[in-house]
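The block underneath contains the structure these notes are about, expressed in structure tokens.
Values in this text are rule-based calculations from the coordinates and carry no lab data. The model shown is predicted, which means the values in this text are computed figures rather than measured ones. Note: ideal-geometry Cβ built from the backbone for every residue, glycine included; neighbour counts use all protein chains shown.
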Amino acid sequence: MLALLCGGQGSLSPEIFDLVANQPAAEPILVAATACLGHDPRELIRTRDADDLSTNHVSQLLSVTAALATHACVADLLSEQTAVTGYSVGEMAAWSIAGIWGPDEVLRLTDIRARLMDSAAGKNGRLGYVRGLDRNTLQRLLDKHHCAIAITNPGALFVVGGTERDVTDLCHEATAEGAPRAGLLAVKVASHTAQLEPACEPFRQALDSSRHSPVASNRILLAGTDGERIFSETDAMAKLASQIARPVEWATTLQALVELGTDSVLDLGPGHALADMMHTLMPSIRCYSADGFRTLDGLRNWIASR
């Protein structure tokens, strides 16, 4: 079974729309994103500097748009049962790919999500990462620097959140403690930590009032937070809303895909981090990222030949 992975913030590059920029199937999504962003995303990604692109609102919308646009260009090939899940804001794209929301609605909701998070977080929030420290050592540093684990990934890779100063100090000390790598991510909000709690209830209300449909019969939708299968979108909306302020156990979600019998993975992007993580967890699974293909025909041929 093929699994589709929808990426989160932090992996934006000027090339994220190159594969689909002129494809008719992607055009409705790019038009919907333009309405939310005020600019065509294809132009925005190439003309704005890194600071502008890393703002929470812009970054979330571009990330979801990239995954949806790529999926739209291969959706006609995905008639068999396919699993789908998303990493952080990528879970919004995953719900749309599972048939719950159309492109206009999911981008509208992503816009609301980002604005609520910005309002709840205030200024100076940040995410960073620490790779290779044992959990006890990392917890000691988290306590010392008033930070929290936001995402647990395979390979002892942890995303941590807090104020930018606290996350910076934690990463510096983690390196001194022996972490092979640590540093800031291009995400300027402490997603998936208690700092975002005030955003959860208003976002739940927005989800509850959204125009939505049941999960499509040929899709298996897993929650990005813990890999739980979502059978009823209505019952799962409170969980999706609370995800904003709760840690994401991404390693558990990937393990759930393995247990479903996944034999190949396509990372819809942006970037290729999710494909790399799955390969770390289960090297026997064929893991590809959309941005690893030079042409859309190449990507479509791979899907058709599975």
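Multiplying the sequence separation of Ala156 and Lys123 by 0.36 nm and subtracting their Cα-Cα distance, what value in nm do you get?
Length gained between Ala156 and Lys123: 9.0 nm.
Given the DSSP H assignment, sum -39500 (n - 2.57) over each helix run of at least 4 residues in the chain and divide by its residue total; what's the result at 222 nm in deg cm²/dmol, nearest 500?
Result for the chain, helices only: -13500 deg cm²/dmol.
Between Asp76 and Arg306, what is the label-to-label distance in nm when each label sits 7 Å out along the Cα-to-Cβ direction?
Using points 7 Å along Cα→Cβ, the separation is 1.8 nm.
Give the calculated FRET efficiency between Lys144 and Ala186 to the nearest 0.05, with a Förster radius of 22 Å applied to their Cβ-Cβ distance.
My answer for the efficiency is 0.35.
Among the lysines, which have Cα under 17 Å from the Cα of Lys123 when same-chain residues fewer than 8 positions away are ignored?
Lys188
If you line up the long axis of helix 103-121 against the longest principal axis of the chain, both from Cα atoms, how many degrees apart are they, to the nearest 10?
For 103-121 against the chain, the angle is about 10 degrees.
Need one word for region 125-184: rounded, prolate or oblate. Basis is the Cα gyration tensor (sqrt eigenvalues a ≥ b ≥ c); a/c below 1.5 gives rounded, then a/b vs b/c decides.
Rounded, because the longest to shortest axis ratio a/c is under 1.5.
How much of the DSSP beta bridge set in the chain is antiparallel, as a percent to the nearest 5?
Counting only bridges with both partners in the chain, antiparallel ones make up about 50 percent.
Which of rounded, prolate or oblate describes region 28-154 when judged by the alpha-carbon gyration tensor and an a/c cut-off of 1.5?
Oblate.
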